[in-house]
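The structure under discussion appears below in the form of structure tokens.
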Amino acid sequence: MELKGQLKSISCDYFTGHTLITCETEAAAAPHLEKLQGVPLAITFKKFRKKRSLDANAYYWVLVAKPGDKLNLSKPHLHNILLRRYGQPEVIDGKMIYLVLPDTDQGARKADEAETYHIKPTSEVKTGRNGERFRTYVMLRGSSTYSTEEMAHLIDGLVSECKEAGIETATPEELSRMLELYEANRKRKGKTE
């Protein structure tokens, strides 16, 4: 069971040393939780984030294939290009993450086709002690971590790129219907989370 709520208080049981946690949920959860009272549970706390619609995600990946086919690029390569243009940097403690890779054709191809990580090249190239050149990259977040707004920005960028290339994305009516379904689904999930 997953619930949306807030942590209200934390205290320590003086006798056992165990932590006592009080949470408030947005939805009525008591009927569902009563049967779990006294049963060992696996408890996970994480910051709430609006989930993306599966419709929007499916639309994105169907649409990625169209310019990829036209430009003879793989889906991962085009996905990385789009993340570089419209994506979000990975940030830790308010700072972007940078990494340095050999500045070679092989290194660039590997970065372009990567599926498990996403990096964006910068113009900064350094020369190592042995004369080898290294390019600095910015680490990007994968789209699976995007909020609704971030995913909408990525999809808008993809649609714009498709239109510029003369690739049909969908009719305005289809897009409007998809966006209405997406918004209705997002609102419905917001009430149940």
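The values are calculated or read from the model by the stated rules, or taken from the named source; none is laboratory data. Fair warning: this is a prediction, and the values are worked out from it, not measured in the lab. With ideal geometry, Cβ positions are generated from the backbone for all residues, glycine too; neighbour counts draw on all protein chains shown. Please note that ligands, DNA and RNA were not included when accessible areas were found on the heavy atoms of the full protein model with its side chains. Shrake-Rupley method; radii C 1.70, N 1.55, O 1.52, S 1.80 Å.
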* Asked: Among Val39, Leu3, Leu73, whose Cα lies farthest out toward the positive end of the dipole of segment 1-79, if unit charges sit on the beta carbon of Lys, Arg (+1) and Asp, Glu (-1)?
  -> Leu73
* To do: Determine the shape class of segment 54-126: with a ≥ b ≥ c the square roots of the Cα gyration tensor eigenvalues, call it rounded for a/c under 1.5, and otherwise prolate if a/b is greater than b/c, oblate otherwise.
  => oblate
* How would you rank 74-82, 114-122, 91-99, 56-64, highest first, on the average number of other Cβ atoms within 10 Å across their residues? -> 74-82, 56-64, 114-122, 91-99
* Note down the relative contact order for segment 28-129 as a percent, whole number, built from C-alpha pairs under 8 angstrom at least six residues apart. => 22 percent
* To do: Only one of the values [x] 15.6, 46; [y] 18.1, 61; [z] 22.6, 71 was calculated from this structure for Rg and Dmax of the Cα atoms in Å; name its label.
  => [z]
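Length gain on complete extension for the stretch Thr44 to Ser147, per 0.36 nm per residue less the alpha carbon to alpha carbon distance? Mind dumping the intermediate values first?
Working: separation 103, 0.36 × 103 = 37.08 nm, distance 2.01 nm.
Extra length available between Thr44 and Ser147 comes to 35.1 nm.
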* **segment 11-80, accessible surface, carbon-and-sulfur percent (1.4 angstrom probe)** => 59 percent
* To do: With label points built 7 Å along Cα→Cβ from the Cα atoms of His32 and Gln106, find their separation and express it in nm.
  => 5.2 nm
